[in-house]
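Participant: If you scroll down you'll find the structure; I have some questions about it.
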Amino acid sequence: MAGEPQADCLFCKIVAGDVPATVVRESATTVAFRDINPQAPTHVLVIPRVHYPDAGTLAVAEPAIAADVLTEAAAVAAQDKTDASGYRIVFNTGAGAGQTVFHAHAHVLGGRGLNWPPG
Ligand code: AMP
Ligand code: ZN
């Protein structure tokens, strides 16, 4: 069934508590945890508890949960006090764009200057 946990998905394992993560926020529909290979002082991943391969498919199937991911991303930025200086929410989609984990996730990046356009 759409959205069901996938046995081979790292982020489903984090949602289930089977793989440890430094969780900074949780909601009924989302989990936010620090990226294991941070690219900025704040680098947090916000994921839906349900499994969809990327942000677009999540938004089509579960628009309210996609909105929850954005709400939580903003809350993470505020919690890490990056909201005043500016932060970036990134959804890499597809291997060509750098997506390596095919469970929808928002990167929240902040705490340093962020160049535009990104690489
Ligand atoms: P992406 O490349 O957009 O698919 O992002 C996947 C992100 O997951 C990368 O930034 C990785 O550093 C991060 N990552 C991979 N494994 C873990 C883990 N066990 N805990 C936290 N972050 C992870
Ligand atoms: Zn998953």
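The values are calculated or read from the model by the stated rules, or taken from the named source; none is laboratory data. This structure is a prediction, so every number in the text was calculated from the model and none was measured. Cβ coordinates were reconstructed from backbone atoms using ideal geometry, including for glycine residues, and neighbour counts include every protein chain displayed. Just so you know, the surface numbers come from the protein's heavy atoms only, side chains and all, with ligands and any DNA or RNA stripped out. Shrake-Rupley method; radii C 1.70, N 1.55, O 1.52, S 1.80 Å.
Participant: I'd like the full set of residues that are open to solvent by 30 Å² or more (accessible area, probe 1.4 Å), within 16 Å of ligand 2 (Cβ to nearest atom) and in contact (Cβ under 8 Å) with a residue 24 or more places away in the chain, limited to the stretch 77-100.
Facilitator: PHE91, THR93, listed by residue number.
Participant: Also, quick follow-up: List the number of the failed condition for GLN6; all other conditions in (1) open to solvent by less than 10 Å² (accessible area, probe 1.4 Å); (2) among the polar types (S, T, N, Q); (3) within 12 Å of ligand 2 (Cβ to nearest atom) hold.
Facilitator: (1)
Participant: List the pairs whose first member sits in the stretch 19-39 and is over 13 Å from HIS107 (Cα atoms) and part of a strand (DSSP E or B), whose second member is of a type in the set (Phe, Trp, Tyr) and modelled with pLDDT of 95 or more, and whose Cβ atoms are under 6 Å apart, counting only residues at least 6 apart or on separate chains?
Facilitator: As it stands, the answer is VAL23/PHE33, since those pairs meet every condition given.
Participant: Just one of (1) more than 20 Å from ALA2 (Cβ to Cβ); (2) of a type outside the set (Phe, Trp, Tyr); (3) touching a Cys at 6+ places or on another chain (Cβ under 8 Å) trips up HIS51, so point out which.
Facilitator: That leaves (1) as the condition not met.
Participant: Kindly indicate whether ALA32 is modelled with pLDDT of 95 or more, surrounded by 15 or more Cβ atoms within 10 Å (Cβ to Cβ) and not basic (Lys, Arg). Give the derivation first.
Facilitator: On the way: modelled with pLDDT of 95 or more: yes; surrounded by 15 or more Cβ atoms within 10 Å (Cβ to Cβ): yes; not basic (Lys, Arg): yes.
Yes.
Participant: Does the stretch 21-39 include one or more residues that are among the hydrophobic types (A, V, I, L, M, F, W, C) and farther than 20 Å from TYR87 by Cα? Reasoning before the result, please.
Facilitator: Residues of the stretch 21-39 among the hydrophobic types (A, V, I, L, M, F, W, C): 21, 23-24, 28, 31-33, 36.
Narrowing further to those that are farther than 20 Å from TYR87 by Cα: 21, 28.
So far as the stretch 21-39 goes, yes, one or more of its residues are among the hydrophobic types (A, V, I, L, M, F, W, C) and farther than 20 Å from TYR87 by Cα.
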